[in-house]
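One structure below.
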Amino acid sequence: MDNKDLSVSPPVKHLPLKRFFSVAVPVLLLLLCGAVAVVYFLGEQKVKQAAEEAALEKQRYERSLDDRSIEVQRADIRLFAVPLAWAVRRELMQENYGQIDEYFSELVRKKQFKVLMLLDPEGTVRIASDRKLQGSAFSGLYPGMDSSSQQVVSYPLAKGSSLFLVPVMGLNARIGTIAFVYSFERLSGP
C-alpha cells in the first residue's frame, strides 16, 4: 500500500462569497447600529426642540391671555367708576364724608383694591382708606400723574396694577377726584 500522509490535508479553497459575508455582515451590522443610534439621537434632539417651542408658545399664549384679561378688567373698572363717581358726588354735595369713607372701606376689603382716596379740586387727599395719606398732596404721592382730568384716566404702576383717576363732577365744575390703585387678576397664575 501506498504510504500517504493523512495528517496533511489538501489546501481548502475559500469561496469569494463566503469571504464577502464574513467581512460584510459585521460591517453592515455596525453600520446599522450606528444608523439607529444617529436616528435616535436626532429624534431626541427634535423632541427637545419641539418641547422648547411648545413652552415658548405656551408662554406667548399665557401672556396674550393675561394682556387681554387686563384689558377687559380695565374696561370693567372704567364702567364701574362712573356709578362710583355718581354715588360719591351725591354724598359730597351733602358733605356726608362718613358715608364716602364707608364706601372706600368696603371697596378696600376687596382683594384687588389697594388704596382709595378722594382728592379735592386742588389735589389734596381729603378722604383715604389709608388714614396716613389724608392731607397729603396727591402730586407728592404720585408725581407726574395729573389729577385734574375731566375723564376717567388710568396710569400703569408696578406689578400688574394701575392707578385710576375718576373725576367727580358738580353742575359746572369738577368738585373732586377719586383715585384708587387696582391690582389686575392674572389668569395664568401668580
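For the chain, leaving out every one of the GluC sites (Glu not before Pro) that falls in a DSSP loop and has at most 13 other Cβ atoms within 10 Å, the longest unbroken run is 1-94. Close Lys pairs in the chain (alpha-carbon distance under 28 Å; sequence gap of 8 or more, or different chains): 12. Taking trypsin sites (Lys or Arg not before Pro) in DSSP loop conformation with at most 13 other Cβ atoms inside 10 Å as exposed sites, the chain has its longest uninterrupted site-free stretch at 14-108. For region 20-36, backbone phi angles converted through the Karplus equation (6.51, -1.76, 1.60; θ = phi - 60°) give residue-by-residue couplings of 4, 5, 5, 9, 6, 4, x, 5, 5, 5, 5, 5, 5, 4, x, 5, 4 Hz, Gly and Pro being listed as x. Proximity of backbone amide H atoms, modeled 1.01 Å from N, is registered between residue 175 and 168, 169, 170 at under 5 Å, excluding neighbours fewer than 5 places apart on the same chain.
When the chain is described by a simple charge dipole with +1 on each Lys and Arg Cβ and -1 on each Asp and Glu Cβ, the residue from 30, 139, 175 located farthest towards its positive end is 30.
Evaluated with a Cβ-only charge set (Lys, Arg +1; Asp, Glu -1), the chain carries a dipole of roughly 600 debye about its Cα centre, given to the nearest 20.
A short reminder: the numbers here are calculations on the coordinates, not readings from a lab. Values in this document were obtained by computation on a predicted structure and should not be read as measured data. Heads up, the Cβs are rebuilt from the backbone with ideal geometry, glycines too, and the neighbour counts pull from every protein chain shown.
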